[in-house]
Amino acid sequence: MRTLAGIPKAQRPLFLKMPYFGPVYMEELANYDPTLVIGVLGGSSGTTRDAFQLLWDAKRYGARAALFGRKINQAEDQLAMIECLRLLSDGEIEPMEAVRRYHSMLETMGIRPLRSLEEDMQLSVG
């Protein structure tokens, strides 16, 4: 924020691409300049719940975009993953429900998940 404070409004970026550092920092940045579009990075690979929880939390505290290349690319089925991410971003489902839905979609398509549902429901990152 200090860096942004020194830049005249006309020269400030319209979009920031950044890791999610938690609710305090996201809220502070989002409230500093409501016109700024904050996009969170997907981060390291982890469970499906990690991805869904990251999107849910980031949006809740002010992020307006998510850049999940690796998390989508490494999913068992990319379109199913995107569908669940979209439902989450639209507020139609919550992270735990999204994991169950994703596993159900994989089962319907006959795709064996990398992890059991129970393992995929866990958070593996802080």
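The values are calculated or read from the model by the stated rules, or taken from the named source; none is laboratory data. These numbers were taken from a predicted model, which means no experiment stands behind them. Heads up, the Cβs are rebuilt from the backbone with ideal geometry, glycines too, and the neighbour counts pull from every protein chain shown. Surface areas here come from the heavy atoms of the whole protein model, side chains and all, with no ligands, DNA or RNA. Shrake-Rupley method; radii C 1.70, N 1.55, O 1.52, S 1.80 Å.
Once you have the Cα-Cα distance between residue 112 and residue 36, take 0.36 nm times their residue separation minus that, and quote the gain in nm to one decimal.
Working it through step by step, the gained length comes to 23.3 nm.
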Margin query: Cα atoms only: what Rg and Dmax, in Å, come out for the chain?
Written below: 16.1, 54
Margin query: Treating only the Cβ of Lys, Arg, Asp and Glu as charged (+1, +1, -1, -1), what charge dipole size does the chain show about its Cα centre? Round to the nearest 20 debye.
Written below: 580
Next item on the list: Show the residues, 5+ positions off or on another chain, whose built amide H is closer than 5 Å to the amide H of residue 124.
Entry: 47, 50
Next item on the list: Would you mind working out the accessible area per residue for the chain, using a 1.4 Å probe, and quoting it in Å²?
Entry: 61
Note to self: For the ranges 63-75, 9-21, what's the packing order if you count other beta-carbon atoms within 10 Å of each residue, average per peptide, and put the highest first?
What the structure shows: 63-75, 9-21
Notebook entry, point to check: In percent, what relative contact order does region 60-126 have, based on Cα pairs under 8 Å that are 6 or more apart in sequence?
Noted result: 27
Checklist line | Acute angle (nearest 10 degrees) that the helix 48-60 long axis makes with the longest principal axis of the chain, alpha-carbon atoms | finding: 30
Next item on the list: Averaging sequence separations of C-alpha pairs under 8 Å and six or more residues apart, then dividing by the length of the chain, give the relative contact order as a whole percent.
Entry: 25
Checklist line | Equivalent ellipsoid semi-axes, region 1-74, via Cα gyration tensor eigenvalues times 5, rooted, Å | finding: 25, 12, 9
Item checked: Derived scalar couplings ³J(HN,Hα) [region 17-33; Karplus, 6.51 cos²θ - 1.76 cosθ + 1.60; whole Hz; x for Gly, Pro] -> 10, 8, x, 8, 9, x, x, 4, 6, 5, 4, 4, 5, 5, 7, 5, 9
